[in-house]
Every structure is written in C-alpha cells, then in structure tokens.
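Read the figures in this text as sums done on the coordinates, not as results from a lab. In this text the structure is predicted, and so the values were computed from the model without any measurement. FYI the Cβ positions are ideal-geometry reconstructions off the backbone, even for glycines, and counts take in every protein chain you see.
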Amino acid sequence: CRLLREQFRVIKALTVEDDLDLWADAADVLLVDGRTPGSGAVWDYARVRAWSDDGIAQVTDDSAAEAESGSQASGSRPHPRRPPLFLAGGLDPNNVAAAILAAHPNGVDVASGTERDGKQDPALIHAFVREAREAAERLSP
C-alpha cells in the first residue's frame, strides 16, 4: 500500500478485528468491515470509535460503554496522522443512522443494503443517503 500511495490514493479495507494503527501510514482511508467482509452482515459498529481530532484510533470490545461514558480506550495509541475511517458491512437505510451515531465515521459504504431483488433500488439509495446525512448533521457541532 505504501508504494501505491506514491501514485494513487489508497483505501485499505480492514475488518473490525484488524489493528487500525498498523495501517494508518499505509492508506489514505481505512474502510472497516465486519469479521466477514462482503457478507453484508451487520456487526457491532460501536466497536469502532471515530478517530478523534487528536488522532487517537480505537477498536475495543467495550466501545459501546465507553461511548456512553465519554471515556477513551485504555489501549488506544496516539498517531501523528490519522486517515479517515469509513464503515462498511450490513449497512442499510434502517441502521445507517445508528451506525454513524455509534461510530462517528468519516464516511459509510453500502452495496447490498440498497438492493431490491439483486439490483440497486433508487428509493433505497435515496433513503440511505437521507438517513446518513441526518445522522451526520446530528454529530456536527
């Protein structure tokens, strides 16, 4: 990935089990999926906390409780340059807002979550984008 970045922008797809800090210097964006990428399976999006403004990446088993209390993961490590974090896996119009509010990502990825009968459905895409934008607005200061 590092060599590719000399000529291209790189999005590194990872699973929630991967150590985000290991890839922070190798990619322009980290796209985090569940344990089985491409499956469309919903996962606990709260496990991935947004990379804070001071560059601390966190992936923990206790992220949901920490999000409610406002505390940081004890195992988180500061990183001088944090790439944006995108969520993927199991997102659809019915859960994208909750996922955004739980994880505070910089972006979201969707495929099968906006399909009907195996084809992209314009109404589902519109609903997904509307829900994602409304959730993002709720996070804005």
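At 0.36 nm per residue, minus the direct Cα-Cα distance, what do ASN106 and LEU4 gain on full extension? Give it in nm, one decimal, please. Please report the intermediate quantities before stating the final value.
Working: separation 102, 0.36 × 102 = 36.72 nm, distance 2.22 nm.
Gain on extension, ASN106 to LEU4, equals 34.5 nm.
Taking the Cα-to-Cβ direction at GLU134 and at ARG35 and moving 7 Å from each Cα, how far apart do the two end points lie in nm?
3.2
If one computes the Cα centroid of segment 1-50 and of segment 92-141, what distance in Å separates the two points?
Segment 1-50 and segment 92-141 have Cα centres spaced 18 Å from each other.
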